[in-house]
Amino acid sequence: MQGEHTPRIVAGFDGRWQHTRLLDRAAQEAERRHLPLTLITDLRRRTGAGHQPRDQHTDDAPGVVAAWRGLTDAVEALRLRYPLPSISGYCLDDADIQPGAFPISAARLLVIGSSGRYNAPACEPGSVSAALLRAARCPVLVVPEDQPRRPLGAHPFVLAAVGSHPSDAEVVKAAAQEARRRGFDLQVLHVEPSHGNSGWGVHEAVRSVPDVQFSVVRTTGDPADALAELGQDAELLVVGSRPGELYRPVRESISRGVLLAPPCPVLAIPRELPVIIDPHTAAEAGAVHRQDS
């Protein structure tokens with residue numbers, strides 16, 4: 001049975017047709033993790049990001065009905081395309097989206113778009129994504145609405161951008177886990193200090209997750225150019241984030257701009273969370289590895 005304590009993938013949905021890519025990506029992540037999917041939409045906020053004068057009504061009933069209709073249509077469309085354990089939807093307001101409150105409390109992964117209504121940044125106050133980000137205590141996947149198509153025959157890979165802090169080893173482990181889930185290689189962009197040792201081993205972190213082919217690109221300078229170049233061809237970019245501040249990543253010079261205009265889907269990992277190896281993923285990865293050998 002599905003209940004409030006059942007782990008799940010949670011996705012923020014603002015009712016726009018442009019969020020089709022986001023919904024598909026959320027369903028695919030739920031499939032990879034063998035988890036149910038829950039969509040959350042808001043009750044047509046009248047203030048904050050995306051506020052328009054025409055949104056001011058004395059009676060909110062039409063907006064509530066529209067929100068429910070869009071949410072129901074999205075849930076039914078996903079049920080037809082994805083054989084998930086469960087796909088559900090909730091129409092909430094700010095008071096409902098709080099740390100420890102269901103359904104965000106059950107999220108193993110939060111999926112949001114890179115922009116909200118009227119092209120406002122998704123993390124700006126007033127959007128459903130901002131409310132979910134404040135409440136989330138899990139990794140967050142930011143999905144761009146427009147992602148350049150890779151050239152035909154290009155080899156997809158997962159890219160991890162990390163620095164010299166020892167806790168970034170958890171970010172690399174999470175990136176290796178994602179690479180294994182997808183059957184892709186892993187590339188690690190390691191920003192090393194100009195003096196002394198980085199304090200932790202990239203190779204050891206990756207090798208803790210079996211069956212992952214990887215390479216390391218090291219730089220001691222500004223990584224922005226390397227990240228922009230590699231990110232355009234990556235299937236997924238994995239970065240770290242401060243506890244409780246998933247919309248403000250660790251190294252703002254590297255990650256802040258990436259989340260605001262992501263070249264590919266970006267996964268932000270809270271640095272205090274341990275990486276849990278999914279037994280389903282391990283079994284599937286082993287099967288793929290044996291076929292390739």
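The values are calculated or read from the model by the stated rules, or taken from the named source; none is laboratory data. Computed from a predicted model, the values in this text were never measured in an experiment. Cβ: placed from backbone, ideal geometry, glycine included. Neighbour counts: every protein chain shown. Just the protein is used for accessible areas: all its heavy atoms, side chains included, with ligands, DNA and RNA removed. Shrake-Rupley method; radii C 1.70, N 1.55, O 1.52, S 1.80 Å.
When G70, G50 are screened for being over 15 Å from A26 (Cβ atoms) and either assigned to a helix (DSSP H, G or I) or at pLDDT 70 or above (or both), only G70 passes.
Contact map, the stretch 221-240: residues that are in contact (Cβ under 8 Å) with a residue 60 or more places away in the chain paired with residues that are of a type in the set (D, E), Cβ distance under 8 Å, separation 6+ or inter-chain. Pairs shown: L236/E178; V238/E178; G240/D168; G240/E170.
The set of residues from the stretch 204-225 being modelled with pLDDT under 75 and open to solvent by less than 60 Å² (accessible area, probe 1.4 Å) comprises G221, P223, A224.
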